[in-house]
Amino acid sequence: MMFELHHLSALEQWEWLHAGRVSPSELVEHYLQRIESLNPAIGALTVVEADRARTRAAHVERSIPRTAPLWSIPIADKELMPRAGQRTSHGSRLLADAVPDSSHELVEQFDAAAAISLGATAAPEFGLASYTESLVSPPARNPYDLSRGAGGSSGGAAAAVAVGLLPVAPASDGGGSIRIPAAACGLVGLKPSRGRLPGGSGLDRLAGLVVPGPIARTVADAALVLDALVTAAPWPFATRAPDPHDGPFLGHAVRGEGRFQRGVMTRSPRDEWTDIVIAPEARAALDEAVAVFADLGHGVDELALDPEPDYGPNFRTVWMAGAAAIPAHSPAELALLEPLTAWLVERGRALPASELIDALEWLSGFERRVIRRFASVDVVITPAVALTPRPLGWYDGEDAERNFHQQVRYTPFTSFVNVSGLPAMTLPVGLTGADSATPGLPMGVQLIGRPGGEAALLALGAQWERRRPRPLHPPQW
């Protein structure tokens with residue numbers, strides 16, 4: 001196979017840029033050509049700003065110091081994060097032609113880090129679903145099987161990184177929206193602790209659920225982006241500044257040092273609310289990861305949360321309340337929303353304030369219970385998702401209640417981590433084998449850390465990658 005620039009990891013591309021082995025313009029042009037060739041089949045990017053990216057590359061090379069943390073690394077904004085002058089639909093027909101006058105804080109911080117945006121990646125309508133199949137753009141397809149979805153809500157970001165249209169991608173996670181698509185596409189997806197990032201602390205969001213983070217092909221690539229976001233603003237705007245003696249997170253992802261006590265968990269807080277079944281493929285990936293980590297010398301305990309039958313209803317209350325602020329009010333505007341979104345908006349606006357307050361209070365107590373239960377271990381390991389990547393069209397497009405249960409059955413292990421404010425990272429284990437009903441699909445595990453415990457996740461992930469190196473892209477791409 002002939003070498004191409006996208007075969008390099010993001011960290012390796014960053015090193016090549018600094019060594020002058022490739023120029024910012026050359027790297028941008030390489031990715032623009034791949035996007036032109038491959039994106040129509042994948043549906044990863046909804047907006048491509050080729051001329052602006054070329055102009056930006058020339059400006060970065062000429063005018064921005066190379067000390068900027070992401071100097072000349074190509075990215076694309078998530079469709080939910082507005083960029084001034086760039087069409088930002090939020091995955092909705094309601095805003096299909098919207099062009100904002102100002103940029104999202106995260107967009108500005110990636111610009112300040114000297115990254116180069118090539119456009120925008122696909123997301124479901126207002127980021128409310130764990131799959132990326134909106135009515136305003138083509139679905140984000142799974143590069144391992146184009147009949148299946150890339151997950152969501154950062155499905156376009158994951159598909160783009162997996163197929164080599166971008167080296168890394170910004171994403172956001174309010175219930176699994178980084179980790180779910182990363183797992184579906186065989187990637188590393190890192191959700192930081194609540195309060196870790198100055199520009200996306202989660203502290204300003206309902207129930208503190210949503211934080212930004214990277215989707216990447218390697219643990220080191222994810223750490224490279226995390227470091228850039230951690231240093232994006234003065235520390236008074238974040239609550240979990242890393243210990244200066246520990247150095248950058250990239251160091252943990254490169255050195256991969258330490259031995260950790262792990263807790264293995266196969267039951268989720270959703271189990272008492274709906275029927276959760278862990279598919280054989282998901283169980284096999286978990287068993288394989290547990291065995292490899294044990295061989296590396298890490299301790300292991302079985303771990304389970306106490307039954308939490310009220311988790312599902314209370315989380316759903318907050319999910320509905322969050323949809324109430326969607327800017328659709330007239331009958332004509334509401335008619336443009338997809339059925340799931342319209343249902344959430346209607347239910348969210350009908351919620352009594354007392355019900356939302358009760359739900360927020362319950363989730364706050366749940367956070368404390370989870371952190372106490374996990375205190376005896378350094379890292380908790382769960383399946384990343386319970387099923388193989390879902391076929392396109394699998395989710396019910398009309399019955400919102402059934403749709404919600406389908407999403408929970410695929411992703412029962414992610415949202416409780418957002419509620420708890422803990423850091424978590426999905427780690428690809430491998431592809432389903434010939435004995436699977438669906439061979440050749442990515443499956444992975446989720447690593448959950450202590451509050452502020454990203455370093456342990458990155459170190460453990462680095463040890464895994466040393467033991468189990470893998471191709472950086474699906475072989476067909």
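Ratio of the chain's C-alpha Rg to 2.2 N^0.38 Å, to two decimals?
Normalised Cα radius of gyration, the chain: 0.90.
Can you give the longest run of the chain that contains no GluC sites (Glu not before Pro) sitting in a DSSP loop with at most 14 other Cβ atoms inside 10 Å? Mind showing how you got there, number by number?
Details: sites that count: Glu4, Glu257, Glu272, Glu398.
Segment 5-256 is the longest.
Calculate the dipole size of the stretch 1-58 relative to its Cα centre from +1 charges on Lys and Arg beta carbons and -1 charges on Asp and Glu beta carbons; express the result in debye to the nearest 20. Show your work: numbers first, answer last.
Numbers: 5 positive and 8 negative charges, 22 e Å.
It comes to approximately 100 debye.
Selection among Val417, Cys185, Ala50 by position relative to the dipole of the stretch 5-467 gives Ala50 as farthest towards the positive end (Cβ unit charges, Cα centre).
Please work out the FRET efficiency for the pair Asp295 and Ala375, using the Cβ-Cβ distance as r and a Förster radius of 22 Å; give the result to the nearest 0.05.
Working: r = 26 Å, r/R0 = 1.18.
Plugging the Cβ-Cβ distance into 1/(1 + (r/R0)^6) gives 0.25.
Label sites at Glu401 and Ala325, each approximated as a point 7 angstrom past Cα along Cα to Cβ, lie 2.9 nm apart. Here the dipole of the stretch 5-467 is about 620 debye; that uses its Cα centre as origin and unit charges on the Cβ of Lys and Arg (positive) and Asp and Glu (negative).
Treat the count of other C-beta atoms within 10 Å as a stand-in for reagent exposure and order Leu166, Leu286, Leu431 from fewest to most.
On the way: Leu166 31, Leu286 23, Leu431 19.
Placing the least packed residue first, the sequence is Leu431, Leu286, Leu166.
Exposure proxy for His298, His329: other Cβ atoms within 10 Å of each Cβ, ordered fewest to most, give His329, His298. Remark: the stretch 156-249 carries a charge dipole of roughly 220 debye about the Cα centre, counting +1 on each Lys and Arg Cβ and -1 on each Asp and Glu Cβ. A simple spin-label model places the labels of Trp477 and Arg62 3.3 nm from each other, with each point 7 Å out along Cα-to-Cβ. Applied to the stretch 84-91, the Karplus parametrisation 6.51 cos²θ - 1.76 cosθ + 1.60 on θ = phi - 60° returns per-residue 3J(HN,Hα) values of 4, x, 10, 4, 9, 8, 6, x Hz, with x for Gly and Pro.
All of the numbers you see were taken from the coordinates with simple rules; none came from a lab. Since this is a predicted model, take the numbers as computed values, not measurements. Cβ atoms come from the backbone with ideal geometry, glycine included; neighbour counts cover every protein chain shown.
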